[in-house]
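Working notes for the structure below.
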Amino acid sequence: MSLSNDAGILGGFVPSERIAFEQMAGLVREFMRDHAELNRLIQGVEHSPRLVMWAIADALDDWNSTPPLIGPVGLTNFPSKSLLLRGTVISLLESVGLLMTRNHLTFSDGGIQVGVSDKTPLIHAWIQLFRNNYESKKLRLKVAINIEQAWGGGVHSEYAWINGFWGGW
């Protein structure tokens, strides 16, 4: 997925940030299996490159605005790529869930009931599964980083010295 034709999304970024965003967007698309050849019910991909970029930016903002405030991070220095991936997927699923809810229609004819865009409960279940895991990992990681920063590089004990001494052998 290349964003070279869409300067509005990443036009202000330096090339290394652009590459990092494109790589992360590719990982997100792979994780979600959002490829035209795998989408049997819709034509093309479900998430546009612009929406994927927005979801990455939303996940970064979520990290940076959640206490403890340990300093802003960007895509290139985010402490956990898997956590960023899951935060991005949550944003994308929330967006799809809103679309499904807005376009939900149930109709019946001749005793057969059919629903259009009726996947909202399924998407909501996935959001909850991802969010519970994401929020607990995010909080634990932020607290650990906060403690490490407060102690100037971590809390040291005699075990660190012993492991450090014997670790090189």
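Throughout, read-outs are computed from the coordinates displayed, never taken from laboratory work. The shown structure was predicted, so the numbers you read here are calculated from the model rather than taken from an experiment. Heads up, the Cβs are rebuilt from the backbone with ideal geometry, glycines too, and the neighbour counts pull from every protein chain shown.
Tell me, ILE19, ILE90, ILE127 in order of fewest to most beta-carbon neighbours within 10 Å?
Result, fewest neighbours first: ILE19, ILE127, ILE90.
If you average 1/r over all unlike Cα pairs in segment 13-147 and invert the result, what Kirkwood radius do you get in angstrom?
16.5 Å
Find how much the distance from ASP61 to HIS35 grows on full extension, using 0.36 nm per residue of separation minus their present alpha carbon separation; answer in nm with one decimal.
Length gained between ASP61 and HIS35: 6.7 nm.
Please rank LYS138, LYS119, LYS81, fewest neighbouring Cβ atoms within 10 Å first, as an exposure proxy.
Arranged by neighbour count, lowest to highest, LYS138, LYS119, LYS81 become LYS81, LYS119, LYS138.
With r defined as the distance between the Cβ atoms of SER48 and THR106 and R0 fixed at 30 Å, what FRET efficiency is calculated, to the nearest 0.05?
0.65
Under a cut-off of 15 Å between alpha-carbon atoms, report the aspartates and glutamates in cross-link reach of LYS142, not counting same-chain residues fewer than 8 places apart.
Cα-Cα hits under 15 Å: ASP61, ASP62.
Evaluate the charge dipole of segment 13-147 about its Cα centre and quote only its size in Debye, nearest 20, assuming +1 on the Cβ of each Lys and Arg and -1 on the Cβ of each Asp and Glu.
So the dipole magnitude of segment 13-147 works out to roughly 380 debye.
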